[in-house]
Each structure stands twice: as structure tokens, then as C-alpha cells.
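Participant: I have a structure I would like to understand better, so I am pasting it below and will then ask my questions one at a time.
The values are calculated or read from the model by the stated rules, or taken from the named source; none is laboratory data. This structure is a prediction, so every number in the text was calculated from the model and none was measured. Cβ placement follows ideal geometry from the backbone for every residue including glycine, while neighbour counts extend to all protein chains displayed. The protein model used for the area step is the full one, side chains on, heavy atoms only, and it has no ligands, DNA or RNA in it. Shrake-Rupley method; radii C 1.70, N 1.55, O 1.52, S 1.80 Å.
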Amino acid sequence: MTEAATASLDYGFTTAGLEHIIALAVPENGASRRVMEKLGMRYDYTGEFYGRPLVHYTITKSAWAAARRAKKKATKNKSA
């Protein structure tokens with residue numbers, strides 16, 4: 001799941017030219033929340049969307065770029 005989410009964020013920021021991306025999940029869906037956090041997304045709040053509670057996460061283009069650089073650096077250091 002993380003690979004698909006990574007590809008989606010890459011597409012959104014590089015191809016579509018978005019400045020920020022949001023993600024929503026039901027509060028009880030711990031797996032989705034972990035994926036969003038692993039990607040570097042920041043929890044904003046829990047609100048009601050479409051009549052049900054949903055958690056709201058956000059990541060900016062600059063935060064995504066920084067997270068990608070840090071991941072590449074960590075991978076490079078692991079290989080050395």
C-alpha cells in the first residue's frame with residue numbers, strides 16, 4: 001500500500017503540479033493512518049465529512065521533497 005501511495009504523491013507533485021495533497025480516512029483505520037504518517041503526512045484534525053467522522057492529513061510539495069531526500073540519504077547510508 002505504501003508503494004501505491006508513494007506513486008500517487010509523486011504523480012500529484014511532479015506531473016499534476018499540486019502544491020499540497022490531503023488524505024482522509026475513518027479514525028479507526030489504523031493501517032491507513034500509519035501509511036499516511038509513514039509518507040510524512042501531517043495529521044491536521046478529525047472532522048465530519050459527508051456525514052461521518054474522518055481524519056484529515058496533509059503534505060506540502062516542499063515537505064514531500066524533503067522526505068524523499070531524507071529517505072534517499074538513509075538508503076544510501078545503509079548501503080555504505
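Participant: Which condition breaks for ALA63 when tested against (1) in contact with a helix residue (DSSP H, G or I) (Cβ under 6 Å, 6 or more places away or on another chain); (2) part of a helix (DSSP H, G or I)?
Facilitator: (1)
Participant: Let me ask something else about it. Take the residues in segment 21-37 that are more than 10 Å from the chain's Cα centre (by Cα) and not in a helix (DSSP H, G or I), then tell me which one is nearest to SER62 (Cα to Cα).
Facilitator: Looking at residues that are more than 10 Å from the chain's Cα centre (by Cα) and not in a helix (DSSP H, G or I), I get LEU24.
Participant: I want to confirm something. Restricting to segment 40-80 and keeping residues that are open to solvent by 80 Å² or more (accessible area, probe 1.4 Å) and among the small types (Gly, Ala, Ser), which single residue is nearest to GLU28 (Cα to Cα)?
Facilitator: Per the criteria, the residue is SER62.
Participant: Continuing with the same structure: Against the condition touching a residue at least 24 places away in the same chain (Cβ under 8 Å) and touching a Lys or Arg at 6+ places or on another chain (Cβ under 9 Å), how does PHE49 come out, does it pass?
Facilitator: Judged against the criteria, PHE49 is not a match.
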